1. Picking from Ser119, Ser109, Ser54, which is most flexible by a Gaussian network model of the chain using Cα springs under 10 Å?
2. On a full-extension model of 0.36 nm per residue, what is the gain between Lys190 and Ile53, subtracting their alpha-carbon distance, rounded to one decimal in nm?
3. Nearest 500 deg cm²/dmol is fine: what mean residue ellipticity at 222 nm does the chain get from its DSSP H runs of n ≥ 4 alone, each adding -39,500 (n - 2.57), divided by its residue count?
4. Which of (1) 1.58; (2) 1.20; (3) 1.63 is the computed Cα Rg over 2.2 N^0.38 Å for the structure on display?
5. Please find, in a Gaussian network model of the chain (springs between Cα atoms separated by less than 10 Å), the residue of Thr47, Thr72, Thr134 whose mean-square fluctuation is greatest.
6. With 10 angstrom as the radius, rank Arg35, Arg196 by how many other C-beta atoms surround their C-beta, starting from the fewest.
7. For the chain, how many pairs of lysine residues have a Cα-Cα distance under 28 Å, where the two are 8 or more positions apart or belong to different chains?
8. Sorted from fewest to most neighbouring beta carbons within 10 Å, what does the list Thr132, Thr50, Thr105 look like?
Amino acid sequence: MIRRLLVVLLFSSCTIGVFAQNADINILRTINHDRPVALDPFFRAITNSTYPISVAIPAAMVGAGFLQKDSTLKNHGFQVIAALGVAAVVTEGLKVIVQRPRPFTSYPSIQKAGEGDGSSFPSGHVSIAFTTATSLSLLNHKWYVVVPSFAWASTIAYSRMALGVHYPSDVLAGAIIGSASAFACYKANKWLHKRRS
């Protein structure tokens, strides 16, 4: 009885894994092959904006906090920097552990139209973009911060698939890691602030 149950569980998990992998590559093929090729330069530009914007925003917050002697703004800037650090460590750690090949390496039909090397899972660009977007949204709930932040991060996520350098599951994992890192640092900062008070 136990042996049969183990066989059924093993078969089920293998079937789900194959189905998930098939869905992953099928979604990627559709996005990559049906993309408007004329927008490739835009997709590359939005992808390349990830790190400069994600570094510039908290640096500007910290700098403005020092100049204006605004400890809250300074604290918020350091919180975003901490969240980016957590996201980067988790993302790079998973890349080393998982060692998933890039989709254009495993599937020659995928057209590589942008920069991408090393391990594919999870997406570092998406992780950093969603860390930034989530951090800013948690610190300022106004629509004119939330909507542009997540529109930018979501466009980066789409661009990584359109350019053929990441699977949808890489992008989804990156978004989860980034959002979770931002949320964890936001909560930790509130807890530390409450303890100091």
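1. With Cα springs under 10 Å in the chain, the top fluctuation among Ser119, Ser109, Ser54 is at Ser109.
2. 46.9 nm
3. -27000 deg cm²/dmol
4. Step by step, Cα Rg over 2.2 N^0.38 Å for this structure corresponds to label (2).
5. In this elastic network of the chain, the residue with the biggest mean-square fluctuation among Thr47, Thr72, Thr134 is Thr72.
6. Arg196, Arg35
7. The result is 13.
8. Ascending number of Cβ neighbours within 10 Å: Thr105, Thr50, Thr132.
FYI, it's all coordinate maths here, none of it is from the lab. Every value quoted in this text rests on a predicted model; they were computed, and no experiment measured them. Positions of Cβ are backbone-derived with ideal geometry, glycine not excepted, and every protein chain shown enters the neighbour counts.
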